[in-house]
Amino acid sequence: MFKTQAETQEFLRGFLPHLQETPEGREVLLCPPFTNLNVLSKSLHGSRVQLGAQNVHWEEKGAYTGEISAPMLTESGVRFVIVGHSERRQYFCETDTTVNLRLKAAQQFGLTPILCVGETKQQRNAGETESLISTQLEKGLVGVDQENLVIAYEPIWAIGTGETCEATEANRVIGLIRSQLSNPHVPIQYGGSVKPDNIDEIMAQPEIDGVLVGGASLEPASFARIVNYK
């Protein structure tokens, strides 16, 4: 929940010039608050940056005050949507069941969902990381098309805490996630205190296809360094 429309436009003015250095084939995606989708859609038209949303409801329309449907997103030029982010699970009662409904609704209307999975510090300390993520995948992916999907592993204890999951450990968990999929080619990202000073090591890991960036994406030069990892 960052940036007004004016602040978003200011961000783009600082960020877009950096993409001249970005290798071909590298995908860049911005997922702003709903209020910024239209201004970004217009500003990004013709650029290589794609547009995503932070959530989507499972119904096409209805009495769901405060929610946004997939057709509302696609009308704004959105192509991706984050589903099941840990903050949605933690603060807004998101469950594996509602995550599954949102995933299927996104795909039904042509969006590519980014499914977030991950464990808390307590769950990791209790040795529950593997079983928890396995359950999140098992329940979340029922009836979901794995040909149109991105998964993000975000250890909750490493989000916004400055405590980053070791790159090799993130790689191990992402390998486990991949082993449970029917489509091994699903792009799998790492998310959790991704910063300019650790992006190169993260992206050097063989199982990690990309990153889901939080706080470090708010400043143009910081996010550009992550996009242009070496």
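Every number in this text was worked out from the coordinates using simple rules, so none of it is lab data. Quick caveat, the model's predicted, so the values are computed rather than measured. Please note: Cβ atoms are built from the backbone with ideal geometry, for glycine as well, and neighbour counts cover all protein chains shown.
The table below lists the values:
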quantity	calculated
Length-normalised contact order for the chain - Cα pairs under 8 Å, 6+ apart - percent	17
Gained length - Q9 relative to T161, 0.36 nm times residue gap less alpha-carbon distance	51.9 nm
Label-point separation in nm, E128 to R26, each point 7 Å along Cα→Cβ	3.8
Segments 116-127, 49-60 sorted - mean Cβ within 10 Å per residue, highest first	49-60, 116-127
Among 2-14, 212-224, 97-109, the order from most to least packed when residues are scored by Cβ within 10 Å on average	97-109, 212-224, 2-14
Reachable aspartates and glutamates, given that their alpha-carbon falls under 16 Å from the alpha-carbon of K139 and they are not under 8 places away in the same chain	E94, D96, E119, E130
Size of electric dipole in the stretch 154-203: Cβ of Lys, Arg +1 and of Asp, Glu -1, about Cα centre, debye, nearest 20	260
In nm, spacing of pseudo-spin labels at R79 and L218 (7 Å Cα→C-beta vector)	2.8
Gain upon complete extension [A63, Y91; 0.36 nm per residue less C-alpha separation]	7.9 nm
Electrostatic dipole magnitude of the stretch 53-227 [Cβ: Lys, Arg +1; Asp, Glu -1; Cα centre; debye, to 20]	240
Value of [θ]222 nm, deg cm²/dmol, for the chain, DSSP H segments ≥ 4, -39500 (n - 2.57) each, nearest 500	-10500 deg cm²/dmol
Entries of K42/K104; K121/K230; K61/K104; K195/K230 with Cα pairs more than 20 Å apart	K42/K104; K121/K230
In nm, spacing of pseudo-spin labels at V142 and D197 (7 Å Cα→C-beta vector)	4.5
